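Read the structure below first, then the notes.
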Amino acid sequence: MINTHCEHRNGNGQAQRQGAAKKSEKKRPVVCPYCREHDQVIPIFYGYPSHSAFMRAERGEIYLGGSIAGPTAYYCKRDDREF
Ligand SMILES: [Zn+2]
């Protein structure tokens, strides 16, 4: 059951118009510029990786880019390229 704790008891007019100001709700997948696919694109992790970051890198969820942040933010596993 949905917990609605914002009940509108304004006699006149609509009281609730929730979520009107939110814009970029949808996140478009990052597409690789080389193969134009997004299923093999993972974000590059910069900095000293924590244990969980290591685990995610092991699973291929992120790419460890090193301790110094570079200009690229994503990595395509298919092309073995950063972009
Ligand atoms: Zn690619």
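Starting at the first residue of the stretch 43-49, write each ³J(HN,Hα) from the Karplus equation 6.51 cos²θ - 1.76 cosθ + 1.60 with θ = phi - 60°, in whole Hz, x for Gly and Pro.
These are the phi-based 3J(HN,Hα) values: x, 8, 9, 10, x, 6, x Hz.
For residue 81 and residue 40, calculate 0.36 nm times their separation in residues minus their Cα-Cα distance, and state this gained length in nm to one decimal.
So the chain would gain 13.7 nm between residue 81 and residue 40.
Residue by residue through the stretch 72-82, which ³J(HN,Hα) values in whole Hz follow from phi under the Karplus form 6.51 cos²θ - 1.76 cosθ + 1.60 (θ = phi - 60°), with glycine and proline marked x?
Values, residue by residue: 9, 10, 9, 9, 9, 6, 5, 8, 6, 9, 9 Hz.
For the stretch 41-82, what's the radius of gyration and Dmax over Cα atoms, in angstrom?
Cα-based Rg and Dmax for the stretch 41-82 come out at 9.6, 26 Å.
Can you list residues whose amide H is under 5 Å from residue 74's amide H, if they're 5+ apart or on another chain and H is modeled 1.01 Å from N?
Sorted by chain and number, the residues that satisfy this are 44, 83.
If we count other beta carbons within 10 Å of each Cβ, what is the order of 83, 45, 54, fewest first?
Ranked by crowding around the Cβ, least crowded first: 54, 83, 45.
Since every read-out is calculated from the coordinates, none of them should be taken as a lab result. Please read all numbers here as calculations on a predicted model, not as lab measurements. Please note: Cβ atoms are built from the backbone with ideal geometry, for glycine as well, and neighbour counts cover all protein chains shown.
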